[in-house]
Amino acid sequence: MAAVRRIVVIGGGIVGLATARELSRRGDEVVVLEKEGRWAAHQTGHNSNVVHAGLYYRPGSLKARMSVAGNASIVAYAREHGVPVEVCGKLVVATSEEEVPRLRALAERASRNGVPARMVSVAEAREHEPEVSCVAALRVESTGIIDFPAVCAAMVRELTAAGADLRTNSPALAIRTRAGRVEVATPSGVVRGDALVNCAGLHSDRVARMAGLEPEARIVPFRGEYYELRPERRSLVRGLIYPVPDPTLPFLGVHLTRMLDGSVHAGPNAVLALSREGYRWGDVSAGDVAEVLRFPGTWRLARKYAYPTGLAEVLRSLSKRRFAESLARLVPAVGEADLVRAEAGVRAQAMRRDGSLVDDFLVQEAPGQVHVLNAPSPAATGSLEIGAHVAGLVR
Ligand SMILES: Cc1cc2nc3c(=O)[nH]c(=O)nc-3n(C[C@H](O)[C@H](O)[C@H](O)COP(=O)(O)OP(=O)(O)OC[C@H]3O[C@@H](n4cnc5c(N)ncnc54)[C@H](O)[C@@H]3O)c2cc1C
């Protein structure tokens, strides 16, 4: 009988926990190291909580395959484990004639990805969302809303029951491999294992370098800021209303999302964060900024996006009026006075030296190591699929 392997997983977000769960199901012993005092403390606990359908992504890409499969698997997981989830569908709306060809292209992509989506008349769009303004709309049935931190809590319960070694307040400080084994230094001692999995999100490139790898991309933190509709204005939005995305950007554009608790979130925008965990403009890390500025890709990215796209995003971040104007394109009744600031999130987006943003999920292997180096949206939706994929790579 093969000896039981002991795998060290760094990162207690949804990708790390889903990978640990899958390894444990396959018979491995797992140790999960999370630097914060709780699970899902970063991207997983600061997102839109949308179960994406998979319509946006290049057919055949990991994102397309894992979001379509993940849409079904995460909903089934939530139902099985008593996690709140609702498959409410969404509308993507073209607000001008020039957006209509892009909306049709999106419908075509959805169909190639096997996503149930159809163009609907303006009248039908208004049956779903009476306050929406559009010239054309795409209705997507399989989009849902969920509580991703509650999914993580369920995974932690499963892992605990299976005897996994789960450690919060345990940052990985240094990593070395010796005689085919991995050793991870933490403040409370060295953790040893037969293999290492890096799911460190915003720090995944740093953890990879700690382990001796030169990752092909760097993480650039993009903050996504949200507002909430005042409770008395929530009735303006029944479900999820998205704009037609700009195909040159990896973000979906500010949208309106009804959450499971009935609140309506508006956002997220996308501005460069001045710290890897920079949830506010005031969160500045000189080291993080210097690192971003030293990386050649940053300057190439800036030449491409700083003007007018980047500037417009910064202005909208600083001006509630501009934010409200973006939302009013979707729902004209939304005004500045209806919005209250809500908590922001920071996306870990990988960028190559040539300044291109890594579009797909990126997983890099080394002997005894697997590194998840780009897992932005829809990675929470696809987490069970990513976990199975990564667990399969651990040797
Ligand atoms: C604003 C926003 C909106 C989004 N909306 C959606 C959405 O609606 N639907 C969707 O599917 N996806 C969405 N996403 C994407 C989704 O949140 C992420 O893809 C997903 O949470 C990534 O999970 P993760 O485990 O890789 O990262 P994280 O959740 O960031 O987890 C990484 C963990 O690693 C830990 N860590 C880092 N360094 C170390 C170290 N040295 N030692 C130990 N631990 C370490 C961190 O503390 C962190 O807890 C959104 C993201 C953002 C930011």
Subject >> Scan of the range 200-216 for residues that are more than 8 Å from the ligand (Cβ to nearest atom) and either at pLDDT 95 or above or open to solvent by less than 10 Å² (accessible area, probe 1.4 Å) (or both), ordered by number >> reply: Asp205, Ala208, Arg209, Ala211, Gly212, Leu213
Original post:
Wholly within the range 1-103, which strands (runs of 3 or more DSSP E) include no fewer than the required count, namely at least 1 residues that are away from the ligand (no atom under 13 Å from the Cβ) and closer than 30 Å to Arg176 by Cα?
Top reply: 6-10, 29-33
**OP:** Find the residue count for the range 87-142, including only residues that are under 17 Å from Leu236 (Cα atoms) and basic (Lys, Arg).
**Re:** 2
Original post:
Which condition breaks for Met259 when tested against (1) within 16 Å of the ligand (Cβ to nearest atom); (2) open to solvent by less than 20 Å² (accessible area, probe 1.4 Å); (3) modelled with pLDDT of 95 or more?
Top reply: (2)
**OP:** For the range 78-88, name all the residues that are crowded, with 19+ Cβ neighbours inside 10 Å and farther than 15 Å from Ser142 by Cβ.
**Re:** Val83
**OP:** Could you identify the single residue in Ser142, Ser170 that is in contact (Cβ under 8 Å) with a residue 60 or more places away in the chain, out of contact with any Phe, Trp or Tyr (no Cβ under 7 Å at 6 or more places or on another chain) and over 27 Å from Pro247 (Cα atoms)?
**Re:** Ser170
**OP:** Test Gly114 against the stated conditions and say whether it is at positive phi and not assigned by TED's automatic domain parsing to the domain that holds Gly253.
**Re:** yes
**OP:** Would you please name the residue that is surrounded by the fewest Cβ atoms within 10 Å (Cβ to Cβ), looking only at residues in the range 174-193 that are within 11 Å of the ligand (Cβ to nearest atom) and touching a residue at least 24 places away in the same chain (Cβ under 8 Å)?
**Re:** Ala174
Subject >> Arg341 being surrounded by fewer than 20 Cβ atoms within 10 Å (Cβ to Cβ) and in contact with a Phe, Trp or Tyr (Cβ under 8 Å, 6 or more places away or on another chain) >> reply: yes
**OP:** Give the residues of the range 383-395 that are open to solvent by 10 Å² or more (accessible area, probe 1.4 Å) and not in a loop (DSSP other than H, G, I, E, B), sorted by residue number.
**Re:** Leu384, Glu385, Ala388, His389, Gly392, Leu393
Subject >> the range 262-275, subset in contact with a Gly (Cβ under 7 Å, 6 or more places away or on another chain) and open to solvent by less than 10 Å² (accessible area, probe 1.4 Å), residue nearest to Ser48 (Cα to Cα) >> reply: Gly267
Subject >> Qualifying positions in the range 218-244 - closer than 22 Å to Val135 by Cβ and either open to solvent by less than 20 Å² (accessible area, probe 1.4 Å) or not assigned by TED's automatic domain parsing to the domain that holds Leu330 (or both) >> reply: Leu236, Val237, Gly239, Leu240, Ile241, Tyr242, Val244
Original post:
Of the residues that make up the range 263-276, is at least one farther than 24 Å from Tyr57 by Cβ, at pLDDT 90 or above and over 22 Å from the mean Cα position of the chain (by Cα)?
Top reply: no
Subject >> Matching residues, the range 276-297, being within 15 Å of Asp205 (Cβ to Cβ), open to solvent by less than 20 Å² (accessible area, probe 1.4 Å) and not charged (D, E, K, R) >> reply: Phe295, Gly297
Subject >> Breaking point among (1) away from the ligand (no atom under 14 Å from the Cβ); (2) open to solvent by less than 10 Å² (accessible area, probe 1.4 Å); (3) of a type in the set (Gly, Ala, Ser), for Ala161 >> reply: (2)
Original post:
In this structure, is Val237 more than 14 Å from the ligand (Cβ to nearest atom) and in contact with a Leu (Cβ under 6 Å, 6 or more places away or on another chain)?
Top reply: yes
Original post:
Here are some residues: Pro101, Pro59, Pro116. Which one is modelled with pLDDT under 95 and surrounded by fewer than 23 Cβ atoms within 10 Å (Cβ to Cβ)?
Top reply: Pro116
Original post:
Looking at (1) touching a strand residue (DSSP E or B) at 6+ places or on another chain (Cβ under 9 Å); (2) surrounded by fewer than 17 Cβ atoms within 10 Å (Cβ to Cβ), which is the only condition Ala110 fails?
Top reply: (2)
Original post:
How many residues does the range 127-142 contain that are surrounded by fewer than 18 Cβ atoms within 10 Å (Cβ to Cβ) and under 13 Å from Pro332 (Cα atoms)?
Top reply: 3
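The values are calculated or read from the model by the stated rules, or taken from the named source; none is laboratory data. What you are looking at is a predicted structure, and each value in this text was computed from that prediction instead of being measured. With ideal geometry, Cβ positions are generated from the backbone for all residues, glycine too; neighbour counts draw on all protein chains shown. Side chains are part of the model used for accessible areas, which takes the heavy atoms of the whole protein and leaves out ligands, DNA and RNA. Shrake-Rupley method; radii C 1.70, N 1.55, O 1.52, S 1.80 Å.
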